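Report on the following structure.
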Amino acid sequence: MLEVENLTKFYGDLRAVNDLSFRIEEGEFGTLLGPSGCGKSTTLRTIAGLVDPTEGGIYLRGDDVTGQAPNERNIGLVFQDSATFPHMTVEENIEYGLKMSGFDPDEREKQITKYLDLVQISEYRDHRPTELSGGQERRVSIARALAYEPDILLLDEPLTGLDRVLRQDLRNEIKQIQREVEVTTLYVTHDQEEALSMSDKILVLNNGEKQQEGTPTEIYDDPSNRFVANFVGKSTRLPGTVASHDPPQIDTPIGTVPTDTASLDGFDPGSDVEVFLRPEDLSLADAGDGVLRGSVTNVEYLGTYSEVLIDAGEGIQAVLHTSTSADVDIGDEVALTFDPSNVIVLEA
Amino acid sequence: MIVEGIPVPKFVERRVSSRSLAAFGLGFLTVFYIVPILFLYWNSLNFGGGGLFSNYERAFSNIYLVTLGRSFYFGALTTVVTLALGYVLAYYIAFRSSREKFLLGLVVLPLWIAYVIRYLGIQLLLFPSSPLVQLLGTDFGILFSTKGVIVGLTTVFLPFAILPIYHALKSIDEDLIDASRTLGATQLRTVRSVILPLSLSGVVAGGIIVFILATGSFLAPAMLGGPSDTMIANVIEQSYSQTFDLGLASSLAVIYTTILLVLLMVFNSYVNLGEVLGEL
C-alpha cells in the first residue's frame, strides 16, 4: 500500500506538485495521467526517493519513508529508456538488485530464472542489453525491478519510443504480470489509452494538482471538470447556458440541447456550462432531425470504426464514431442524435 | 564546397580537394616526424669501427638501465597518483558542482603557463627561505627528491587526466545511477559497480596520456629532483648536448621508445584499447 500525503514540490519558484494526496491499495494498479509538465514524473521520483519533497509525506506499507534514500526503500523502478546497465549481461542486471537486497546465491538463481521466464527473455540471459531490441530491453528492466519483490513497482512511461503494436503487446503483458505477481503498482503516462486500459485507479493531474481520481469508467464517463473531459477521450464541445431544469435543457449557439436532470445537479438556470458529447454516443440520423446538423468535413477510416468530423456551424466541430459500413462522404449534409442521459455537463 | 557558407573562388576550389588537404598534413608529418625518427634509427647504428650495434652495447650498461627503469617507475607512480586525484576532481566537477564551466576553466588554465615557470613556482614555495617552509619548519623532504618529481609531474599532468575522465563521467546516463540507487545500492556501491566501470574509458585514456608524458619527462627531474632522480630524457639530453655522443643518445632514444611501445602493446592485450577508447 502506498500513501502520498499533501505532497508539494518546488523547483526554485516553480511549483511542480501542489498538495497532492492519494492512496494505492495493496495489489492495486494506479496510474498518474497528465500532460507533460503536470508533475506526474516528479511525484513518481519523490516516491522513489530520487527527489526530495518540499512538503508532505510518503508512506509505504504504513512506514514513513519520506526522508529515506532510494536504496533504503524497497521499491522497483522501471525507467522510460529502460536504464539497463550496458556493462552487465541481462542476468547480471537482474542479479544486481537481488544482491543489494541480500538474496543468497541459490535464491538469486531461482528469482532470475523465474522473472526472466515471466517476461519471456530467458534465451537472452547471457546477452548484453545493447544487443537486444527496444522491447526486449524494456522486459529486462521490468524483470530487474520485480525480481527482488519490492513493496511497490513504479513505472515511468515505460512504453515511450516503442512502435504501436509493441506498445499494445507490452501493455497487456505488464498488466498480466502485475496481476500474476500481485504487486502494488504506480504507472505514469501521458497516454490516456494506456491509463484507461491498464488501471484499477487513475489520477488525472494538471499543473501539479489532482483533477480527478477514480476508476477508468468514472474518469471517462463522468469527468469532474473540463480539463479531464478534454484530456481523456474525444468530444464534441458546445458552450452553453442552463435554460431550465424541467425539462432539463441547455441553450447553445446552435440550438437547445436536451439533457437529463442528474447532469444539471448544482447548476442554476442561467449558469454558464460546457456540454461534452462522446463520439460513440452520437449517431447519424435523417437530415432534419436533431440539434447537431452540418456537413461532413472529414471521414477517417480506422479499421474497426470510422471517425467522422462535422462542421456544425458557429465554430463547433462535431466528432462521431460510426460503423465502417455507414454510408457517409465528405460534403454530405447529416444530422446527429444522442441519448440525453449521455450528455456531460461541466462548469464553463 | 569545402566550408559551407564561405564562398571559395573557383580556381581555389579546383585545387583544394580533400586529397590535397590530406597531403598537406601528411607531408608535414613526414618531413618533421617520420624522417627525423628514421634519422634517429640511422644515428643509433655505428658505421665506424667497433661493430654496428656498439652504441646499443653501451646503452645497455647498468647505469642507463637503472635510469630507464626509474623513468618507467616514476611514470607509473605519477599515473597512479594523477588518476586518483584526477578522478576525485572530475567526479566532483561532473556530479557535485553547480559551477562546472568555471571549474573546468580552472583545470585548463594552468596549461597556459610554461612548465618551467610552474616548476620554478614549486621550487620557490619549498625553498628553505619560503614563508611556508619557515612557518611549518620543514618542506617534508619534497624539494630535490623523488617526492618533488612526482609532485611536479602530478600537478602538471592533472588536466590531462581530469578532462577525459570528466568527459566519460558526463556521458554516463544519469538514469543508470538512479537505477542503481533504486535497486538498493548505496552511493559508494554505485560508484564502484556502475560509475567506475562506465567511466573506465576516460581513466584508460587519461592514464595512457599521463604515463607517456610523465615517463619522458625532462624538466621535472631537472628542477625538482635530486641527483639520483635523473630520468631517461635527462640522460639523452646530456649525451648529445654535453658529451656530443649522438650515437648513445640515439640508441637510448630508440630503446626507450621501443619499451614504451611494447608496454602499450602488453597493456592492450589485457585491455582492448580500441574498444575502450572507442567509447569515448
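The values are calculated or read from the model by the stated rules, or taken from the named source; none is laboratory data. As the structure is a computational prediction, the values presented were derived from the model and not from experiment. So basically every Cβ, Gly included, is an ideal-geometry build from the backbone, and we count neighbours across all protein chains shown.
For segment A:139-167, how many residues are on the phi > 0 side of the Ramachandran plot and surrounded by 23 or more Cβ atoms within 10 Å (Cβ to Cβ)? Residues meeting the conditions: 0.
Every condition in (1) closer than 23 Å to residue A:167 by Cβ; (2) over 23 Å from the mean Cα position of the chain (by Cα); (3) crowded, with 19+ Cβ neighbours inside 10 Å; (4) away from chain B (no Cβ under 14 Å) is met by residue A:34 except one, and the failing one is (2). Of the residues contained in segment B:17-34, one or more are found to be without any contact (Cβ under 8 Å) to a residue 24 or more places away in the chain and assigned to a loop (DSSP other than H, G, I, E, B).
Restricting to segment A:120-138, count the residues that are outside any loop (DSSP other than H, G, I, E, B), in contact (Cβ under 8 Å) with a residue 24 or more places away in the chain and either surrounded by fewer than 15 Cβ atoms within 10 Å (Cβ to Cβ) or more than 14 Å from chain B (Cβ to nearest Cβ) (or both).
At the first step, the residues of segment A:120-138 found to be outside any loop (DSSP other than H, G, I, E, B) are A:122-124, A:129-131, A:134-138.
Then keep just the ones that are in contact (Cβ under 8 Å) with a residue 24 or more places away in the chain; that gives A:124, A:129-130, A:134-135, A:137-138.
Cutting the leftovers down to either surrounded by fewer than 15 Cβ atoms within 10 Å (Cβ to Cβ) or more than 14 Å from chain B (Cβ to nearest Cβ) (or both) gives us A:124, A:130, A:134-135.
Matching residues across segment A:120-138 total 4.
Residues considered: A:267, A:276, A:227. Of these, the only one that is surrounded by 13 or more Cβ atoms within 10 Å (Cβ to Cβ) and touching a helix residue (DSSP H, G or I) at 6+ places or on another chain (Cβ under 9 Å) is A:276. Here residue A:158 meets each of (1) touching a residue at least 40 places away in the same chain (Cβ under 8 Å); (2) assigned to a loop (DSSP other than H, G, I, E, B); (3) within 11 Å of chain B (Cβ to nearest Cβ) with one exception, condition (3). Of all residues in segment A:54-87, those satisfying the criterion of being facing chain B (nearest Cβ under 10 Å), over 13 Å from residue A:137 (Cβ atoms) and either polar (S, T, N, Q) or surrounded by 15 or more Cβ atoms within 10 Å (Cβ to Cβ) (or both) are A:70, A:71, A:73, A:74, A:75, A:76, A:77, A:87. If residue A:45 passes every condition in (1) out of contact with any Phe, Trp or Tyr (no Cβ under 7 Å at 6 or more places or on another chain); (2) at the interface with chain B (Cβ under 9 Å from one of its Cβ atoms); (3) more than 15 Å from residue A:4 (Cα to Cα) but one, which one does it miss? Unmet condition: (3).
Does residue A:203 satisfy the criteria of being in the same structural domain as residue A:343 (by TED's automatic domain parsing) and either among the small types (Gly, Ala, Ser) or surrounded by 19 or more Cβ atoms within 10 Å (Cβ to Cβ) (or both)? Answer is no for this residue. Scanning segment A:185-226 for residues that are under 21 Å from residue A:343 (Cα atoms) and assigned to a loop (DSSP other than H, G, I, E, B) yields a total of 5.
Within the option set B:213, B:188, being more than 24 Å from residue B:111 (Cβ to Cβ) and either surrounded by fewer than 20 Cβ atoms within 10 Å (Cβ to Cβ) or free of Cβ contacts under 8 Å to residues at least 40 places away in the same chain (or both) holds for one residue only, B:188.
Which helices (runs of 4 or more DSSP H) does segment B:175-280 wholly contain that include 1 or more residues that are out of contact with any His (no Cβ under 7 Å at 6 or more places or on another chain), more than 14 Å from chain A (Cβ to nearest Cβ) and not aromatic (Phe, Trp, Tyr)?
Numbers: elements: B:187-190, B:200-215, B:219-224, B:232-241, B:246-270, B:273-278.
Where helices (runs of 4 or more DSSP H) fall fully within segment B:175-280 and carry at least 1 residues being out of contact with any His (no Cβ under 7 Å at 6 or more places or on another chain), more than 14 Å from chain A (Cβ to nearest Cβ) and not aromatic (Phe, Trp, Tyr), they are B:200-215, B:219-224, B:232-241, B:246-270, B:273-278.
Residue A:48 meets the conditions (1) in contact with a strand residue (DSSP E or B) (Cβ under 9 Å, 6 or more places away or on another chain); (2) free of Cβ contacts under 8 Å to residues at least 40 places away in the same chain; (3) closer than 18 Å to residue A:96 by Cα; (4) among the hydrophobic types (A, V, I, L, M, F, W, C) in every case but one. The failed one is (2).
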